[in-house]
Structures are given as C-alpha cells and as structure tokens.
C-alpha cells in the first residue's frame with residue numbers, strides 16, 4: 001500500500017503556487033548581476049504599506065536595488081525593506097501579488113504581471129480609486145504601466161511604451177527621469 005503525497009494547501013486545482021515571487025526574484029538578480037537598477041511598479045491599495053504621498057493613480061514605482069534599500073526580503077508572500085523617502089526612513093511592505101512589473105531602470109527590460117485578484121475590475125495602474133475602492137471619474141491621461149491589447153491573437157498582452165510613473169527616489173532635480181519603459185510581456 002503506497003501513500004499519495006498531500007496536495008499543498010496553497011496549490012488549488014494542482015496549479016502549484018504562483019510563479020510571480022520566483023520571477024520577481026530572478027529578474028531582481030538579473031538586474032543586480034548586470035549592474036542595472038531594479039524597479040518595481042506596484043498597484044497600491046489598503047494592503048500595501050508605502051508612503052502615500054508618492055502614490056500616483058494607485059501606482060508607485062520603487063527602487064529595490066541594494067543601494068537604495070536596507071533589509072530587503074523578496075519573500076513568496078511579501079516584499080519587505082526599509083528605504084529613505086525625502087530623507088526619512090520608511091518601512092515598506094508590498095504583497096507580491098500587487099507587483100505589476102519589475103524592470104531595469106537603465107533599459108526598461110523586465111516583465112509585467114496581471115493586476116491583483118482583489119483589485120476592482122476596472123482598476124488598472126493609472127486609474128484613480130476613491131477611498132471606498134470605486135473608480136473616480138478622472139479624464140486625465142493615466143501615467144504608469146498600462147497593459148493594453150496590441151493585436152488580436154491570443155496569448156500574452158503587450159504594453160505600449162508608457163511614461164514612467166514617479167519614482168520613490170528622492171532627486172535633486174538635476175537627474176533626468178528614467179527612460180520610458182518598452183513593451184513588457186504579461187504573464188499569468
């Protein structure tokens with residue numbers, strides 16, 4: 001009589017755990033190994049602990065390079081670190097499922113991910129949300145990562161180059177903004 005191994009509780013329908021934390025770690029390592037600065041684009045809601053004064057249209061872009069962070073932990077459920085914003089040290093906690101992209105600041109190479117499952121259906125990075133979670137009627141062009149269909153074939157969604165969202169890095173105004181992000185592939 002042989003025993004069958006139990007299914008892990010976090011693996012519904014035999015799909016396994018999410019690949020997102022593994023891909024985030026891998027791309028972070030790739031950026032670091034090549035001398036690039038890894039940036040995270042994060043969808044912000046009540047479960048994300050970031051300085052709200054740097055959030056634009058429910059998105060924040062964070063420099064997660066070792067030079068910009070202290071105590072960086074790229075876990076399976078949360079990304080945690082300390083960073084300075086305007087000279088003030090802050091604790092940052094981001095649920096991994098709220099990471100919508102990771103890319104190299106210098107060349108824009110990276111990967112985009114689907115929105116978190118608990119995000120409102122009409123929310124995309126660049127969509128302003130009211131405190132109750134409903135969409136606000138904002139006609140301004142959105143900034144940040146936008147995932148849009150560029151063809152009619154099934155498969156991954158590509159994002160057109162977008163204006164980068166404001167970075168959480170403090171700048172003196174002399175440093176040019178990061179280059180626009182090129183098209184990123186969306187994975188599930």
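The values are calculated or read from the model by the stated rules, or taken from the named source; none is laboratory data. Quick caveat: nothing in here was measured; it's all calculated off a predicted structure. Glycine gets a Cβ as well: all are built from the backbone with ideal geometry, and neighbour counts include every protein chain shown.
Observations
Each row is one residue, and each column tells you yes or no for (1) modelled with pLDDT under 95; (2) surrounded by 21 or more Cβ atoms within 10 Å (Cβ to Cβ); (3) over 22 Å from residue 73 (Cβ atoms); (4) more than 11 Å from the chain's Cα centre (by Cα).
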site	(1), (2), (3), (4)
93	no, no, no, yes
103	no, yes, no, no
123	yes, no, yes, yes
127	yes, no, yes, yes
130	yes, no, yes, yes
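- Taking the conditions (1) under 25 Å from residue 106 (Cβ atoms); (2) at pLDDT below 95 in turn, residue 58 satisfies each one other than (1).
- Criterion violated by residue 86 - all others in (1) surrounded by fewer than 19 Cβ atoms within 10 Å (Cβ to Cβ); (2) within 23 Å of residue 104 (Cβ to Cβ) satisfied: (2)
- Every condition in (1) outside any helix (DSSP H, G or I); (2) in contact with a strand residue (DSSP E or B) (Cβ under 7 Å, 6 or more places away or on another chain); (3) surrounded by fewer than 17 Cβ atoms within 10 Å (Cβ to Cβ) holds for residue 36 except the one numbered (3).
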